[in-house]
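Q: Can you keep this structure in mind? I'll have questions shortly.
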There are 2 protein chains.
Amino acid sequence: MSQGEPGIELDTSLGYMLKAAASALHSAMEAVLSPLGMTITHYSCLELLAQRPGLSNSELARGAFVTRQSMNVLLQSLERQGLVIRPARAPVGRALPTELTDLGRRQLEVASAAVRRVEQNMLADLDTDEQDQMRRLLRTCITSITEPPASTT
Amino acid sequence: MSQGEPGIELDTSLGYMLKAAASALHSAMEAVLSPLGMTITHYSCLELLAQRPGLSNSELARGAFVTRQSMNVLLQSLERQGLVIRPARAPVGRALPTELTDLGRRQLEVASAAVRRVEQNMLADLDTDEQDQMRRLLRTCITSITEPPASTT
DNA sequence: TGACTCATGTCAGTAGTCTGACATACGGTG
DNA sequence: CACCGTATGTCAGACTACTGACATGAGTCA
């Protein structure tokens with residue numbers, strides 16, 4: 001079965017393992033959010049707004065790792081549901097600062113608790129030092145990927 | 001814009017950082033695969049087949065972290081393009097063992113080299129020990145998420 | 001002032017993935 | 001043998017997120 005050919009060794013490839021971990025986390029979050037009638041992006045948007053009130057559509061999109069077009073569709077839906085609110089006119093520029101409503105805050109509370117349990121379960125076998133180490137490693141990876149690769153066609 | 005906001009809980013949440021890292025890697029891979037006319041799942045499928053020839057549709061789906069329905073659509077497309085080949089009838093059960101064609105192998109070579117560069121760039125600032133540590137941490141997380149939470153619903 | 005650049009919000013069309021459903025094949029157990 | 005549970009391949013419809021496009025507002029610079 002295992003032929004060390006060219007390409008990437010799947011069992012040791014950090015790229016593959018990163019995707020595997022993210023996929024597992026995604027599934028676990030979906031499993032707890034779906035019964036609440038929420039998608040992951042839906043939850044992410046609410047969580048972002050709770051921690052950073054007044055974020056614009058584009059800023060929310062970047063924070064939730066989707067395009068601003070996708071976030072815009074979601075925001076319109078959340079607005080109709082009365083979970084968030086945006087001013088009719090932009091106070092400055094074109095950006096519309098978004099805020100959670102009380103209803104949105106209540107919905108987020110339930111979801112946030114569920115997601116926190118998922119994350120705690122993921123980290124159940126890691127002590128504090130290991131978690132710090134993992135933060136450091138992930139941050140280094142993110143920086144390296146995001147920064148200019150210097151030389152590539 | 002309202003920049004300058006100090007990072008809050010989000011910046012220390014390992015779940016969020018995991019998603020951020022995976023998203024950055026995803027974008028970087030997309031950026032190099034798109035010019036080759038390939039999607040990430042397309043590449044993943046070919047890479048899996050190179051290392052584990054004879055994988056079935058369902059096995060490929062699990063390996064690429066998509067549903068078997070999605071992989072089936074992709075496989076039919078790859079088959080039409082002459083990149084993979086499947087027997088008309090299953091030798092045993094219903095599973096159809098899939099194999100790369102020479103054309104598929106050639107296309108994979110180019111893509112694999114590009115993806116390897118992306119992964120190496122991601123790990124540019126990590127030494128061997130740190131990479132091993134990261135493998136260990138990710139594997140622990142995957143196991144914890146996947147295993148039964150053994151708690152209340 | 002006017003031209004240029006950049007970021008934003010939004011509309012429309014497209015593509016990839018998902019859920020639901022059904023038929024088929026194997027392995028157990030009565 | 002018949003029955004049941006599990007796994008697979010596949011078709012169809014629905015959904016989510018994406019790319020492309022356009023207009024608006026703010027900042028820069030000559």
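Yes/no matrix, rows are residues, columns are (1) over 30 Å from A:C141 (Cα atoms); (2) in contact with a helix residue (DSSP H, G or I) (Cβ under 9 Å, 6 or more places away or on another chain):
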position	(1), (2)
B:T12	no, yes
B:Y16	no, yes
B:S27	no, yes
B:S34	no, no
B:Q51	no, no
B:L55	yes, yes
B:E59	no, yes
B:L75	yes, yes
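Q: Identify, by number, the condition in (1) surrounded by fewer than 18 Cβ atoms within 10 Å (Cβ to Cβ); (2) within 13 Å of chain B (Cβ to nearest Cβ); (3) touching a residue at least 24 places away in the same chain (Cβ under 8 Å) that A:R105 doesn't meet.
A: Failing condition for A:R105: (2).
Q: Same structure, new question: Within region B:29-41, is even one residue under 17 Å from B:Q76 (Cβ atoms), buried (at least 21 other Cβ atoms within 10 Å of the Cβ) and not β-branched (V, I, T)?
A: Yes: one or more hits.
Q: Quick one: count up the residues across region B:76-102 that are open to solvent by 80 Å² or more (accessible area, probe 1.4 Å) and within 9 Å of DNA strand C (Cβ to nearest atom).
A: Selection size over region B:76-102: 4.
Q: Inspect all residues belonging to region B:50-67 and state whether any of them is within 17 Å of A:H26 (Cα to Cα), within 14 Å of DNA strand C (Cβ to nearest atom) and either touching a Leu at 6+ places or on another chain (Cβ under 6 Å) or among the aromatic types (F, W, Y) (or both).
A: There is at least one residue in region B:50-67 that is within 17 Å of A:H26 (Cα to Cα), within 14 Å of DNA strand C (Cβ to nearest atom) and either touching a Leu at 6+ places or on another chain (Cβ under 6 Å) or among the aromatic types (F, W, Y) (or both).
Q: Quickly run through region A:96-108 and pick out the residues that are touching a helix residue (DSSP H, G or I) at 6+ places or on another chain (Cβ under 9 Å) and not β-branched (V, I, T).
A: A:L96, A:E99, A:L100, A:G104, A:R105, A:Q107, A:L108
Q: In addition: Return the only residue of B:L137, B:L123, B:L49, B:L60 being open to solvent by less than 30 Å² (accessible area, probe 1.4 Å) and touching a strand residue (DSSP E or B) at 6+ places or on another chain (Cβ under 6 Å).
A: Among B:L137, B:L123, B:L49, B:L60, only B:L49 is open to solvent by less than 30 Å² (accessible area, probe 1.4 Å) and touching a strand residue (DSSP E or B) at 6+ places or on another chain (Cβ under 6 Å).
Q: Tell me, yes or no, whether region B:100-121 has at least one residue that is farther than 19 Å from B:E47 by Cβ and either among the charged types (D, E, K, R) or not in a helix (DSSP H, G or I) (or both).
A: no
Q: Here's something else I'd like to know. Given the structure, is A:V73 surrounded by fewer than 18 Cβ atoms within 10 Å (Cβ to Cβ) and within 16 Å of DNA strand C (Cβ to nearest atom)?
A: When the stated conditions are applied, A:V73 passes them.
Q: Next question, about the same structure. Name the helices (runs of 4 or more DSSP H) wholly inside region B:1-85 in which the number of residues that are more than 13 Å from chain A (Cβ to nearest Cβ) is 3 or more.
A: Output list reads B:68-80.
Q: On the given criteria, is B:E147 of a type in the set (D, E, K, R) and modelled with pLDDT under 95?
A: yes
The values are calculated or read from the model by the stated rules, or taken from the named source; none is laboratory data. This is a predicted model, so every value here is computed, not measured. Cβ: placed from backbone, ideal geometry, glycine included. Neighbour counts: every protein chain shown. The protein model used for the area step is the full one, side chains on, heavy atoms only, and it has no ligands, DNA or RNA in it. Shrake-Rupley method; radii C 1.70, N 1.55, O 1.52, S 1.80 Å.
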